[in-house]
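Working notes, structure below.
The values are calculated or read from the model by the stated rules, or taken from the named source; none is laboratory data. Bear in mind the structure is a predicted one, so any value in this text is a computation, not a measurement. Quick reminder, even Gly has a Cβ in these numbers, built from the backbone with ideal geometry, and neighbours come from all protein chains shown.
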Amino acid sequence: MEADGFLDIAEEQDFYIRELKDNILSFWLPRCLDAEYGGFVNCFDNNGENLVSYDKYTWSQGRFVWLFSRLAATDAPVFTESERRNFLELAGNGADFLMKHSLIGKDDWRCVFLMERDGKAKEVSTGAPLDMSIYADCFAVIGLGMYSYAAKDKSSFEFALNLYRSVRKRVIAGDFNTLPYPLSKRFRAHGIPMILDNTARELLRASSIFAPDVSDELKNDMKSYCLDILDHFVDSDYVMHEVISSDNQFIPQLLGQHQNPGHTIEDVWFMLDTAEICDLPIKDRIYRIALKAIRNGWDDMYGGILHFCGVNGGEPLGDNTGVENETMVKQLSGWGDKLWWVHSEALYSLLRCYVETGDRLFLDEYRKVKDYVFRVFPNDDPAIREWKQIRRRDGTPEDKVVALPVKDPFHIARDFILAIELMQKESAEEDQR
């Protein structure tokens, strides 16, 4: 079956089912499960050959809980009932670990960033605060929110809601850390309203079961975060700037004149979700933002999507006067790196934009990205097969840490699940036409 004669829906769905089951989940199960202490291990090297540490990052623990909960709850006919029960058991193991160990202290609704294997809080460096990143808190909410929905577990929902409200309160007060992307108080990062929009959305699912009165609160939050991004981070050319000033102005230095195309492309589907749930007439603008990001970020020399690019595409260039010590400026030296999560997010976002609009421009971009991804990222070793997550600009493997020193299936598996469900929905709608 082809949508508009251009895309074989059944073939595309089957492709992502095979990739998810045979090449991604087959690597992680049972490798990731810590049967002795609970939670999950994922400090593997980029090749996936060696577990180099038993450290547990709250960021990753929350992502694993979300992933296994989502696999258990998917409507797509991909897994048996036995497999779903196993996924839910895995998610419950991670949810218990998070609720026992992730908070700094009893009734102190802030998450530690890093834990020992047994869940004991661990400093990133001597004297560093334990709550080094509010992103970790958000991933804990995302994971526990999804688990509460899949397992119909009220206690995990209440934990997630308390943590979410703490996150929101700290963001409003400006009292939070953002490792691995610290930023001076003079500036605002797109990543904060972006992740909060998605965090509220993930918690919304379970609110309909346990606290319907909270649903409107979460929808209003989603709307506020989404419109904040569109009103303040996106310019008149549909470029989403990754950093703006604290008073919502575009800044002339390189810090404010670069784009993170992966973040933009990921946020495209976050905002499309919010547009649908909150009935916002913003989709046309979001589609334009998606096209601008993929075209700015595409590497015409080697193919693939750049980690960072200038607001007009290519290498990010500009003056750093007064911002040269900002961590995000220093990261721009790796502008040409090709990262796994950027490309998996592009697969789903572009596919979704095509299905929703029927615009061949999105299909052409999707096919270009798909060809690059499955030629470059999957590990050739049949015993591993999961992606080598970091590549140099020319596509050769790169052994370096980006964000956290972990190997992470979250983006790939999430985007494959969403692509499978998108194709299932499109097939059903085609049958009704």
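Listed values, structure above:
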{"read-out": "Glu276 being more than 20 Å from Asp364 (Cα to Cα), of a type outside the set (A, V, I, L, M, F, W, C) and in contact with a Lys or Arg (Cβ under 9 Å, 6 or more places away or on another chain)", "value": "yes"}
{"read-out": "Test: residue in the range 326-337 that is at pLDDT 95 or above and of a type in the set (Ser, Thr, Tyr)", "value": "no"}
{"read-out": "Sole exception among (1) surrounded by 22 or more Cβ atoms within 10 Å (Cβ to Cβ); (2) outside any helix (DSSP H, G or I); (3) not aliphatic (A, V, I, L, M) for Asp137, by number", "value": "(2)"}
{"read-out": "Hey, Phe157 out of contact with any Pro (no Cβ under 9 Å at 6 or more places or on another chain) and of a type outside the set (Ser, Thr, Tyr) or not", "value": "yes"}
{"read-out": "Long-range neighbours under 7 Å by Cβ, at least six apart or interchain, first residue closer than 13 Å to Ile277 by Cα within the range 200-219, second among the acidic types (Asp, Glu) and at pLDDT 95 or above", "value": "Ala200/Asp221; Arg201/Asp273"}
{"read-out": "Some residue of the range 339-361 being in contact (Cβ under 8 Å) with a residue 12 or more places away in the chain, surrounded by fewer than 22 Cβ atoms within 10 Å (Cβ to Cβ), out of contact with any helix residue (DSSP H, G or I) (no Cβ under 9 Å at 6 or more places or on another chain) and assigned to a helix (DSSP H, G or I)", "value": "no"}
{"read-out": "Tally of residues being in contact with a Ser or Thr (Cβ under 7 Å, 6 or more places away or on another chain), aromatic (Phe, Trp, Tyr) and within 21 Å of Phe187 (Cβ to Cβ) across the range 279-335", "value": "0"}
{"read-out": "Of all residues making up the range 370-405, the number that are modelled with pLDDT under 95, under 30 Å from Ile134 (Cα atoms) and part of a loop (DSSP other than H, G, I, E, B)", "value": "8"}
{"read-out": "Some residue of the range 402-410 being over 18 Å from the mean Cα position of the chain (by Cα) and surrounded by 22 or more Cβ atoms within 10 Å (Cβ to Cβ)", "value": "no"}
{"read-out": "Matching option when the condition is buried (at least 17 other Cβ atoms within 10 Å of the Cβ), of a type in the set (Val, Ile, Thr) and in a helix (DSSP H, G or I), among Ile229, Ile172, Ile209", "value": "Ile229"}
{"read-out": "Hits in the range 329-361 (condition: within 19 Å of Arg392 (Cα to Cα), in contact with a Lys or Arg (Cβ under 9 Å, 6 or more places away or on another chain) and aromatic (Phe, Trp, Tyr))", "value": "Trp335, Trp340"}
{"read-out": "Evaluation of Lys330 against (1) in a helix (DSSP H, G or I); (2) without any contact (Cβ under 8 Å) to a residue 24 or more places away in the chain; (3) buried (at least 17 other Cβ atoms within 10 Å of the Cβ) (one fails), failing number", "value": "(3)"}
{"read-out": "Every residue from the range 406-433 that is charged (D, E, K, R) and either closer than 22 Å to Thr327 by Cβ or part of a helix (DSSP H, G or I) (or both)", "value": "Asp408, Arg414, Asp415, Glu421, Lys425, Glu426, Glu429, Glu430, Asp431"}
{"read-out": "Search result, residues across the range 34-86 that are among the charged types (D, E, K, R), touching a Pro at 6+ places or on another chain (Cβ under 9 Å) and within 30 Å of Glu426 (Cα to Cα)", "value": "Arg63"}
{"read-out": "Neighbours by Cβ (under 6 Å, 6+ apart or cross-chain): first from the range 147-175, touching a residue at least 40 places away in the same chain (Cβ under 8 Å); second part of a loop (DSSP other than H, G, I, E, B)", "value": "Arg170/Phe176"}
{"read-out": "The range 374-384, residues that are closer than 16 Å to Leu306 by Cα and free of Cβ contacts under 8 Å to residues at least 40 places away in the same chain", "value": "Phe377"}
{"read-out": "Qualifying residue in the range 12-28 (condition: in contact (Cβ under 8 Å) with a residue 24 or more places away in the chain, outside any helix (DSSP H, G or I) and either crowded, with 16+ Cβ neighbours inside 10 Å or out of contact with any helix residue (DSSP H, G or I) (no Cβ under 6 Å at 6 or more places or on another chain) (or both))", "value": "no"}
{"read-out": "Among the candidates Thr126, Thr80, residue that is among the hydroxyl-bearing types (Ser, Thr, Tyr) and under 30 Å from Phe377 (Cα atoms)", "value": "Thr80"}
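Okay, residues lined up against (1) in a helix (DSSP H, G or I); (2) closer than 20 Å to Leu130 by Cα; (3) free of Cβ contacts under 8 Å to residues at least 40 places away in the same chain; (4) over 22 Å from the mean Cα position of the chain (by Cα):
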site	(1), (2), (3), (4)
Ser60	yes, yes, no, no
Val65	yes, no, no, no
Leu71	yes, no, no, no
Ala76	no, no, no, no
Asn86	yes, no, yes, yes
Ala91	yes, no, no, no
Met99	yes, yes, no, no
Arg110	no, yes, no, no
